[in-house]
Every structure is written in C-alpha cells, then in structure tokens.
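The values are calculated or read from the model by the stated rules, or taken from the named source; none is laboratory data. Computed from a predicted model, the values in this text were never measured in an experiment. Counting neighbours? That spans all protein chains shown, and the Cβs are built from the backbone with ideal geometry, glycine included.
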Protein chains: 2
Amino acid sequence: MKEINRTVQLIEVGPRDGFQSIKTFIPTEKKIALVKTLLAAGIRRMEVTSFVSPKAIPQMADAREVVAAVKAERVEGLQLTALVPNAFGARAALEMELDAVNFVLSVSETHNRENVRRTVDESFGELAKIAEEYAAVEKAPRILLSLATTFGCPFEGPQPVSRVADMVHRAAGLGVTRIIFADTIGVADPLQMETFWEDILPVLPEDLELSLHLHDTRGLGLANVYAALRFPVHSLEASFGGFGGCPFAPGAAGNIATEDLVNMLERMGISTGVDVETLSRAALELARFAPEAFNSHMARVVAGKTACCGPA
Amino acid sequence: MKEINRTVQLIEVGPRDGFQSIKTFIPTEKKIALVKTLLAAGIRRMEVTSFVSPKAIPQMADAREVVAAVKAERVEGLQLTALVPNAFGARAALEMELDAVNFVLSVSETHNRENVRRTVDESFGELAKIAEEYAAVEKAPRILLSLATTFGCPFEGPQPVSRVADMVHRAAGLGVTRIIFADTIGVADPLQMETFWEDILPVLPEDLELSLHLHDTRGLGLANVYAALRFPVHSLEASFGGFGGCPFAPGAAGNIATEDLVNMLERMGISTGVDVETLSRAALELARFAPEAFNSHMARVVAGKTACCGPA
C-alpha cells in the first residue's frame with residue numbers, strides 16, 4: 001500500500017458555489033447564520049462569496065454584507081476568499097480586505113466563452129490587469145486561479161494536460177499563488193485522476209499551492225479524492241450539503257459534500273479539525289432552499305433518516 | 001501507478017436487496033418487467049430474489065413467479081442466484097433450478113442474532129445442512145456465503161480480520177464456492193479497504209470467488225471499489241438505482257448504484273457489457289416506488305435533471 005498524503009487541507013466553498021447554484025434568494029441574515037455555523041464547525045479556509053454583477057447572479061447581491069458580518073467575528077486563523085470574474089470584482093475584494101481572490105478561467109476555449117464571454121487570452125488579460133492593480137497597493141489579496149474544465153469540457157471533451165500546464169505557467173508568471181484544478185462537470189474517473197497528477201507534476205512550477213475542486217455529477221468525487229491523495233495535492237475544495245454547479249456548464253451538478261469528505265478523511269486518520277455533525281446541521285438548513293439538489297450522505301446520517309448508531 | 005484489476009465482474013442484486021428494502025409492494029408484473037430491462041441492459045449475473053418467509057419480508061412473496069418468468073426468457077449465459085436464510089429457502093432454490101444460493105451470516109455475533117435470530121455457530125449448522133442436502137442431489141445450486149458486517153457492525157464496531165478469515169475457511173470446508181464480503185452499514189473507508197485485502201489475501205483458501213457488497217451510507221462505496229481494484233477481487237455486487245439496506249442493521253442505507261459503478265468501470269477502460277442508459281431507465285422506474293431512497297447519480301444524469309451532453 002502506497003502511503004497517502006496526510007497533510008491535505010480543506011477549503012469550504014459552499015457560501016460561493018453552493019449559494020450561487022440555488023435560485024431562491026437566501027436572506028442575508030440566513031447566509032450569515034450559515035457561515036457562522038461553518039465557523040463553529042471548525043472551517044478555517046472558506047470561499048465566502050463572489051463579487052459578480054447582481055444582474056448575472058442575484059444570489060450574490062449581498063456579498064459585501066456577508067463578508068463584513070463574517071469578518072466582524074474575528075475568528076483567529078480564518079482565511080477568506082472571494083471569487084471574482086474581473087478587475088471590478090477584484091477591487092471589491094481589495095476594499096473588503098479579503099485574503100485572496102479566486103479568478104476563474106476555463107481550460108476549454110468554448111467553455112470560457114460560454115462562462116465568462118471572453119477568449120482564454122482575454123481572460124489572461126483581465127488576470128494580468130488584476131495582478132497589476134494589486135501590485136500597486138499594500139496588503140493586496142493573494143491571487144488564485146481556478147482552471148475550469150481541467151478534466152473535461154461539456155462542449156469540447158477531454159483537454160490536453162500540456163494545455164493545462166501551459167496555463168499554470170502563465171498564471172504563475174502573473175503572481176498567482178494557488179491553482180485550483182476543477183472538474184466542472186464531474187467527468188473525471190479515479191484512474192484519469194492518477195494519470196493527470198503523474199503527467200502534470202513533473203512539468204509544474206514550484207512553490208504553488210495545488211488544489212482540487214471536484215463536482216460529484218457521476219458520484220465519483222470521493223473516489224477521485226482518494227486517487228489524488230496518492231499525490232502532493234495541498235488542498236481540497238468542497239461544499240457543505242453538496243450544493244453547487246456552474247450555471248454555464250450543461251451537465252454540471254453539485255460538489256462533493258464537505259461533511260462526506262471530512263468523514264472520509266477522518267476515518268483514514270487525516271485530521272481536519274471539522275465537526276461532521278455541526279457541518280451536517282448547516283447542510284440540512286441549506287437544503288430547505290433547494291431540497292432537490294441536496295447531495296450529502298453524512299447529513300442524511302445525522303438527520304437520522306439512516307440513523308447512525310453504535311461504535312461502527 | 002499500480003495497475004488495477006481489469007477482470008472484475010458485475011453482479012446485479014437490485015431485484016433482491018433493492019426490492020427487499022422497498023415497503024410498497026411492487027406488483028409482480030412490474031418486478032418481472034424491471035428484471036427483463038436489466039437483462040436488456042446487458043446484466044448476466046443477478047441475485048434475482050430471496051426465498052424467505054413472506055411474513056418476514058412480504059415484498060418477496062412472489063419469488064417463484066419472478067424466477068419462473070425470468071428463466072422463461074432463456075437468456076444465454078445468465079447466472080441467477082437467490083438469497084436464502086435457511087434450508088427451507090435452499091429447497092425452493094433447488095426446485096426452481098437456480099445456479100446458486102446466497103446464504104447470509106454476520107461476522108458479528110450480535111448482528112447475526114438481530115438479523116437471523118441465530119448464533120453464528122447455529123448459522124454454520126444451517127449452512128452445513130444445506131450443503132448436506134445439496135450433496136445428495138444432482139445439479140444442485142452452488143452455495144455462496146455473504147459475510148455481513150465484515151467491515152464493521154452497528155452494535156459491535158470493527159470486526160477482526162482473523163475472525164473473517166476463520167469463517168471463510170469454515171465455509172470453504174462446507175463447499176462454499178464464493179465469499180461475498182459485505183459492508184452492511186457502509187462504514188468502510190478506502191484505506192481500510194486496502195488494509196483489509198492486504199491482511200486477508202495471504203490467509204485465504206485458494207480457488208474461491210471473492211466478491212464485495214458495498215453499501216453507500218456515507219458516500220464511500222465507489223471510493224472503496226477503486227481501492228479494492230488494486231487487489232484480485234473477482235466480482236462486485238451493486239443495485240440499480242442504489243436501493244438496498246439491511247432491515248435489521250440500524251444505520252444501513254442503499255447499495256452503490258449499478259449504473260454509477262458501470263460508468264466508473266467503463267471510464268477506466270474496464271468493459272462491463274452493460275448499457276448505462278437502459279439500466280438508468282430501470283432505476284428511474286423503480287424510484288417511483290421509493291423516491292426518498294433513490295441514490296443514483298447516472299440515472300439523474302440520464303433523466304436530464306443534470307443534462308449530460310457533448311463528448312465529456
């Protein structure tokens with residue numbers, strides 16, 4: 001048995017990817033209460049919102065209020081990120097003193113156009129603009145890059161690993177400190193996941209934080225995590241309740257549920273500092289807003305629908 | 001990357017484990033139609049029913065009619081199994097000319113008592129009785145043994161691998177040809193799965209077919225399959241739609257969905273001969289009888305709730 005990576009960290013993205021996927025507006029007070037429950041559960045790295053046009057995604061219209069309320073909690077060691085689609089969003093993140101911004105572009109040219117209405121080159125231009133603006137100020141947020149459709153595109157199919165690697169180098173050249181490889185439509189299988197890491201690791205620049213963002217469309221999210229744990233992936237994104245999904249990617253569905261991921265890691269002896277039960281209670285609360293998209297096993301166990309009992 | 005086991009076979013247990021878990025009586029004609037759809041999907045190994053007391057499990061009251069209808073199809077290469085809790089059930093299976101009977105006992109003494117109201121020794125006594133009766137007739141069904149709670153018991157917790165191995169030897173001595181290691185309450189994690197195979201393989205008798213029966217209570221079913229594929233496991237049981245669950249094991253929930261397993265195996269280049277779409281249509285039909293227990297990702301993809309499109 002090959003040893004698994006025991007230093008992997010957890011990043012909760014539910015308040016961005018989960019909330020964004022829910023059509024019913026979640027009242028601001030409810031959003032804030034949910035995020036506070038996540039903190040109480042032990043979450044310390046979180047994508048807390050998205051600074052996007054409220055016309056594009058009305059759910060995120062209260063981004064600033066949510067961030068302000070969470071920051072007011074002054075939780076020690078808390079690292080907050082926001083997704084930003086452009087320099088405009090990056091300015092909001094700077095103003096709100098976030099720790100990092102997550103800029104998204106797609107490995108697939110077609111998906112990038114569908115998702116952000118730009119060519120990949122234009123997206124890199126926007127990323128460069130953010131980097132330039134941030135370089136001019138003190139205490140600017142770090143810049144992270146999510147590479148959507150890394151493991152497959154709904155329009156173009158598989159993407160060459162060399163193309164992914166080229167984008168990572170280009171991003172590193174602009175000062176990006178973390179790369180998030182995203183399986184936007186949940187098509188990766190665990191063998192593909194292993195091959196991906198074997199192929200890309202030798203050609204990546206050093207000193208980058210490497211993350212995974214896995215959708216669970218075909219139920220392979222946790223199997224893919226297990227496959228990836230054979231490699232030095234630094235962090236795993238997940239969404240409480242398993243909500244999420246790119247609105248501009250046909251075939252996308254929810255993320256792996258954070259509580260399911262925590263349970264798997266803890267059972268394998270990897271400490272997360274996160275309490276499954278508290279997290280599950282937050283997931284069950286959120287599920288009221290979109291019961292049909294609820295995709296969490298542990299929250300069901302906690303809810304007692306499949307009563308968990310005894311020492312097993 | 002270690003090579004994975006590419007010869008693994010699929011065994012559909014939905015008509016037994018799935019049907020059994022559904023409270024609403026599924027009309028006999030509907031059961032037969034569903035099983036025929038499974039055959040049309042390419043399923044060739046199937047646990048088709050259970051010969052139990054209709055008082056204990058009313059859903060199985062039409063076991064003989066279902067078996068007769070399926071056998072009348074005369075599908076080439078079809079291997080049909082029935083679960084039997086005792087010699088009485090084994091006689092019915094012999095009469096109906098099934099290929100094999102699946103006898104269940106639990107590794108955990110407490111769970112065995114809860115599940116079949118016998119001590120483990122008494123269960124082995126009953127198994128010996130079946131073996132003796134079958135030895136006296138020509139063309140008797142083969143005898144399979146499911147070891148419930150192999151990976152953990154809801155009452156007793158973890159079970160020693162040495163105890164599991166002892167039971168396998170005892171069963172092999174009685175002429176059992178296949179052992180099904182069952183994670184009855186879905187507690188195994190993939191690292192535990194690897195350790196299990198590493199520990200047990202060197203101490204098992206030769207020439208046994210080794211199978212896994214994994215519940216997905218905590219969402220780890222497919223991750224556990226992937227972990228097991230590093231080892232010479234011969235077959236994997238799964239249930240279309242992800243239905244299933246032991247009625248006498250608190251904390252049990254559905255099996256891994258056959259269509260999700262097929263998708264994973266096929267994506268990794270392991271041919272199953274099974275069509276995901278046809279299987280998913282059967283799963284969606286069955287889901288009408290127990291929508292709350294439906295646990296299939298691929299069937300949702302096929303249903304277009306998360307529209308699957310393009311080459312990805």
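May I ask you to say which residue of A:Ala238, A:Ala253 is in contact (Cβ under 8 Å) with a residue 60 or more places away in the chain, under 30 Å from A:Ala303 (Cβ atoms) and touching a Leu at 6+ places or on another chain (Cβ under 6 Å)?
A:Ala238
Of B:Ala90, B:Ala100, all but one fail to be under 30 Å from B:Pro154 (Cβ atoms), aliphatic (A, V, I, L, M), touching a residue at least 12 places away in the same chain (Cβ under 8 Å) and touching a Lys or Arg at 6+ places or on another chain (Cβ under 6 Å); the exception is B:Ala100. Of the candidates A:Asn263, A:Asn295, the single residue that is of a type outside the set (A, V, I, L, M, F, W, C), at pLDDT 95 or above and within 22 Å of B:Asn295 (Cα to Cα) is A:Asn263.
Check whether at least one residue in segment B:165-184 is farther than 21 Å from B:Ile11 by Cβ and at the interface with chain A (Cβ under 10 Å from one of its Cβ atoms), and report yes or no. No, there is no match, as no residue in segment B:165-184 is farther than 21 Å from B:Ile11 by Cβ and at the interface with chain A (Cβ under 10 Å from one of its Cβ atoms). A:Gly245 meets the conditions (1) in a loop (DSSP other than H, G, I, E, B); (2) within 14 Å of another protein chain (Cβ to nearest Cβ); (3) at negative phi in every case but one. The failed one is (3). With the structure loaded, tell me whether A:Glu259 is under 15 Å from A:Val8 (Cα atoms) and of a type in the set (Asp, Glu) or whether it fails that test. No, not satisfied.
Residue-by-condition table, conditions (1) under 23 Å from B:Leu83 (Cα atoms); (2) of a type outside the set (Gly, Ala, Ser); (3) out of contact with any strand residue (DSSP E or B) (no Cβ under 8 Å at 6 or more places or on another chain):
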position	(1), (2), (3)
B:Gly173	yes, no, yes
B:Ala182	yes, no, no
B:Glu198	no, yes, yes
B:His213	yes, yes, no
B:Arg218	no, yes, yes
B:Ala228	no, no, no
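Selection of segment B:201-219 for residues being out of contact with any Pro (no Cβ under 9 Å at 6 or more places or on another chain) and either surrounded by 19 or more Cβ atoms within 10 Å (Cβ to Cβ) or under 30 Å from A:Asn295 (Cβ atoms) (or both) yields B:Ser211, B:Leu212, B:His213, B:Leu214, B:His215, B:Asp216, B:Thr217, B:Arg218, B:Gly219. Please verify whether B:Asp199 is over 22 Å from B:Phe103 (Cβ atoms), part of a helix (DSSP H, G or I) and touching a His at 6+ places or on another chain (Cβ under 6 Å), treating the condition exactly as stated. No; evaluated as a whole, the condition is false for this residue.
Residues in segment A:1-43 that are more than 30 Å from B:Glu194 (Cβ to Cβ), in a loop (DSSP other than H, G, I, E, B) and in contact (Cβ under 8 Å) with a residue 24 or more places away in the chain: 6 in all. Residues that are without any contact (Cβ under 8 Å) to a residue 40 or more places away in the chain, part of a loop (DSSP other than H, G, I, E, B), more than 9 Å from every other protein chain (Cβ to nearest Cβ) and surrounded by fewer than 18 Cβ atoms within 10 Å (Cβ to Cβ) occur in segment B:263-284; there is at least one. Taking only segment B:6-29 into account, find how many residues are touching a Gly at 6+ places or on another chain (Cβ under 8 Å), among the hydrophobic types (A, V, I, L, M, F, W, C) and either loosely packed, with under 14 Cβ neighbours inside 10 Å or closer than 13 Å to B:Arg288 by Cβ (or both). Residues in segment B:6-29 being touching a Gly at 6+ places or on another chain (Cβ under 8 Å), among the hydrophobic types (A, V, I, L, M, F, W, C) and either loosely packed, with under 14 Cβ neighbours inside 10 Å or closer than 13 Å to B:Arg288 by Cβ (or both): 0 in total. On the stretch given as segment B:105-115, residues that are of a type outside the set (D, E, K, R) and without any contact (Cβ under 8 Å) to a residue 60 or more places away in the chain total 3. Total residues in segment A:157-168 satisfying the condition of being surrounded by 17 or more Cβ atoms within 10 Å (Cβ to Cβ) and within 9 Å of A:Val107 (Cβ to Cβ): the figure is 3. Return the residue satisfying two criteria in turn: it lies in segment A:124-164 and is more than 14 Å from chain B (Cβ to nearest Cβ) and within 17 Å of A:Val233 (Cα to Cα), and of such residues it is nearest to the chain's Cα centre (by Cα). Applying the filter and picking the extreme gives A:Ser146. Scanning segment A:43-65 for residues that are in contact with a Pro (Cβ under 9 Å, 6 or more places away or on another chain) and closer than 24 Å to A:Arg178 by Cα returns A:Met46, A:Glu47, A:Val48, A:Thr49, A:Ser50, A:Phe51, A:Val52, A:Met60, A:Ala63.
Scan segment A:65-80 and tell me whether some residue there is modelled with pLDDT of 95 or more and under 17 Å from A:Ala282 (Cα atoms). Looking for residues that are modelled with pLDDT of 95 or more and under 17 Å from A:Ala282 (Cα atoms), one finds at least one in segment A:65-80, hence yes.
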